[in-house]
1. Let me spell it out: the conditions are (1) over 17 Å from SER176 (Cα atoms); (2) in a loop (DSSP other than H, G, I, E, B); (3) more than 17 Å from the chain's Cα centre (by Cα), and ASP209 meets all of them except one. Which number is the exception?
2. Restricting to the stretch 190-206, count the residues that are exposed (fewer than 14 other Cβ atoms within 10 Å of the Cβ) and either among the basic types (Lys, Arg) or under 22 Å from the mean Cα position of the chain (by Cα) (or both).
3. Please indicate, with yes or no, whether at least one residue in the stretch 108-118 is buried (at least 17 other Cβ atoms within 10 Å of the Cβ), at pLDDT 85 or above and in a helix (DSSP H, G or I).
4. Out of all the residues in the stretch 212-235, which are over 18 Å from the mean Cα position of the chain (by Cα) and among the basic types (Lys, Arg)?
5. Which is farther than 30 Å from GLY118 by Cβ, modelled with pLDDT under 85, surrounded by fewer than 13 Cβ atoms within 10 Å (Cβ to Cβ) and of a type in the set (D, E, K, R), of ASP3, ASP74, ASP58?
6. Can you work out which of the residues in the stretch 149-170 that are of a type in the set (Val, Ile, Thr) and touching a Leu at 6+ places or on another chain (Cβ under 7 Å) is nearest to THR195 (Cα to Cα)?
7. Being in a helix (DSSP H, G or I), among the hydroxyl-bearing types (Ser, Thr, Tyr) and either free of Cβ contacts under 8 Å to residues at least 12 places away in the same chain or farther than 20 Å from PRO114 by Cβ (or both) is the requirement here; does THR195 meet it?
8. Looking at THR195, THR211, which is the one that is among the β-branched types (Val, Ile, Thr) and farther than 26 Å from VAL86 by Cα?
Amino acid sequence: MVDQSIAGAGIMATASDGDRSGRARIVILLLCLGLAVAVLLSLTSGASDASAVSVVGDWLSGAAPGNEALSARDRLIVYDIRLPRVTLGVLIGAALAVSGAVMQGLFRNPLADPGLIGVSAGASLGAVAVIVLGATVLAPVTSMLGTLALPLAAFCGGLATTLVLYQVATRHGQTSVATMLLAGIALAALAMALTGILIFMADDRQLRDLTFWQLGSLAGATWQKIGSVGPVIVLALAAMPFLARGLNALALGEATAGHLGIPVQRLKYTA
């Protein structure tokens, strides 16, 4: 009887230790609070006289005429310069985090990321091509697209790399994750080599633009750019949780996931 009680207590302790949902909720809540604090500090830190109290007061007052907590200059700085940068930074951070999680589930490797399979290198090649060749060979394209030329070039470069990678790794309707990984490394090396040639051709101004772009500068963030890229990111973020069940099953192996009723090939294509 005593042995059964001890065994039951051990099972309950093991189940309690294995259930991390409560701890995960607390961590997520703390991270959300940290994000809110970081956003507020980003809006109120700088040469402007706008403080956290005045910004929050302006939000609460609804910026009614004659009841503004911020001056016209501070409102311009906060809402037209800082807020677009903060919003774009949050969207980009969320997209990178979710894409990394999907890659880790797809490759069943906690170290996997988009740079591992050449997607980042392809996007970098597209952006560098526009920066270096935008005034010469690609002048008609850049003049037609305007400020959207650079982000669209980066997106097309990453998309082209992904499509080539998928075609190389797919044979007879089945996609090999190992082949995708090896081909991704090769495509990344090729894209970086072409990027190096373009960097060698760049002048001083273009090299400065390349440096700021590669460092992830948000200085050019505007509400127009957010309106063009924001819906795409939000839709992708909303769709990714529906892949969670399949990715969790894929962690047990492709054969096991297939026996559990997961359409493995469709999951690979979607992810």
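The values are calculated or read from the model by the stated rules, or taken from the named source; none is laboratory data. Just so it is clear, the model here is predicted, and its values are computed rather than measured. Positions of Cβ are backbone-derived with ideal geometry, glycine not excepted, and every protein chain shown enters the neighbour counts.
1. Here ASP209 clears every test but (2).
2. Going residue by residue through the stretch 190-206, those that are exposed (fewer than 14 other Cβ atoms within 10 Å of the Cβ) are 193, 196-197, 200-201, 203-205.
Then drop every residue that is not either among the basic types (Lys, Arg) or under 22 Å from the mean Cα position of the chain (by Cα) (or both), which leaves 205.
Residues in the stretch 190-206 being exposed (fewer than 14 other Cβ atoms within 10 Å of the Cβ) and either among the basic types (Lys, Arg) or under 22 Å from the mean Cα position of the chain (by Cα) (or both): 1 in total.
3. no
4. none
5. Numbers: ASP74 fails: surrounded by fewer than 13 Cβ atoms within 10 Å (Cβ to Cβ); ASP58 fails: surrounded by fewer than 13 Cβ atoms within 10 Å (Cβ to Cβ).
The unique qualifying residue is ASP3.
6. Here is the first cut: in the stretch 149-170, the residues of a type in the set (Val, Ile, Thr) are 161-162, 164, 168, 170.
Pick out the ones that are also touching a Leu at 6+ places or on another chain (Cβ under 7 Å) and you get 161, 164.
On the way: THR161: 14, VAL164: 18 Å.
Per the criteria, the residue is THR161.
7. Values: in a helix (DSSP H, G or I): yes; among the hydroxyl-bearing types (Ser, Thr, Tyr): yes; either free of Cβ contacts under 8 Å to residues at least 12 places away in the same chain or farther than 20 Å from PRO114 by Cβ (or both): no.
Criteria not met by THR195.
8. On the way: THR211 fails: farther than 26 Å from VAL86 by Cα.
The conditions single out THR195.
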